[in-house]
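Remarks on the structure that follows.
Computed from the coordinates by the stated procedures, all read-outs in this text should not be read as laboratory data. All of these numbers come straight from a predicted model, not from anything done at the bench. Here Cβ is always computed from backbone atoms with ideal geometry, including for glycine, and neighbour counts include all displayed protein chains.
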Amino acid sequence: MDVFVSQYDCIQRTRESLFNYCEALLPADYVKDLDSFGGDSIRSLHAHVADCYWTWLGIRALGKPIHHLQPESVNDVQEMREVFRKTDAIVHEFLNEFHGKWDHPIEVSLKVGSMETTPLWLFTHTITHEFHHKGQIVKIGRQLGYTPPDTDLIEPHFVRNRT
């Protein structure tokens, strides 16, 4: 079993529950900017999460020529699902590229200069970043009057040993 692929599978399943929740929102609420969140909307936070994966894993680690995602280019939850299908492909390419090399230092370019890090740090950074903003998305939904599902714990997926 590849633990990082399995971990990302858990993240995708948790993300699916968040997408299901977002599909229950009024479309206008999905894109509504809230002053209490610095003018962010659920859509802009979703786009920011995807762009973080694209930037750190796609552009910086894999050297892909990817354009930054603008939230306004995504009109609704279905289009955001498509954005995350592209995100999933980038993550899986990253996981394949760095399989077994998680602690090997790599140099990544920044807007100004560069930094040395590891693929493990990059993967950890992007997934924890997603969960941070998932909490904000749920909080925005609550402020808009919606009751979110429990998105912190996905249903366990156990593999039984057969003897």
Fill in the blank from the handout: Computed curve, region 1-90, Cα-only Debye sum without solvent term, log₁₀ I(q)/I(0) at 0.21 Å⁻¹, is -1.08
Exercise for the section: Could you work out which residue, out of G135, G39, G113, moves most in a Gaussian network model of the chain, that is, has the largest mean-square fluctuation with Cα springs under 10 Å? Expected result: G113
Exercise for the section: Express in whole angstrom the spacing between the alpha-carbon centres of region 57-104 and region 111-148. Expected result: 14
Exercise for the section: Would you pull out the residues with amide H under 5 Å of L34's amide H, same chain only if 5 or more places away, H placed 1.01 Å from N? Expected result: G39, D40, S41
Fill in the blank from the handout: Count of lysine pairs, the chain, Cα-Cα under 29 Å, sep. 8 or more residues or interchain, comes to 14
Problem - Sequence-separation-based contact order of the chain, relative, with Cα cut under 8 Å and 6+ spacing, percent - result: 27
Completion exercise
Sorted largest first, the C-alpha extents of the chain along its principal axes in whole angstrom are 55, 46, 24
Fill in the blank from the handout: Taking Lys and Arg as +1 and Asp and Glu as -1, residues besides K134 with C-beta under 11 Å from its C-beta add up to 0
Fill in the blank from the handout: Taking the chain and counting helices only, DSSP H stretches of n ≥ 4 at -39,500 (n - 2.57) each over all residues, the nearest-500 ellipticity at 222 nm comes to -17000 deg cm²/dmol
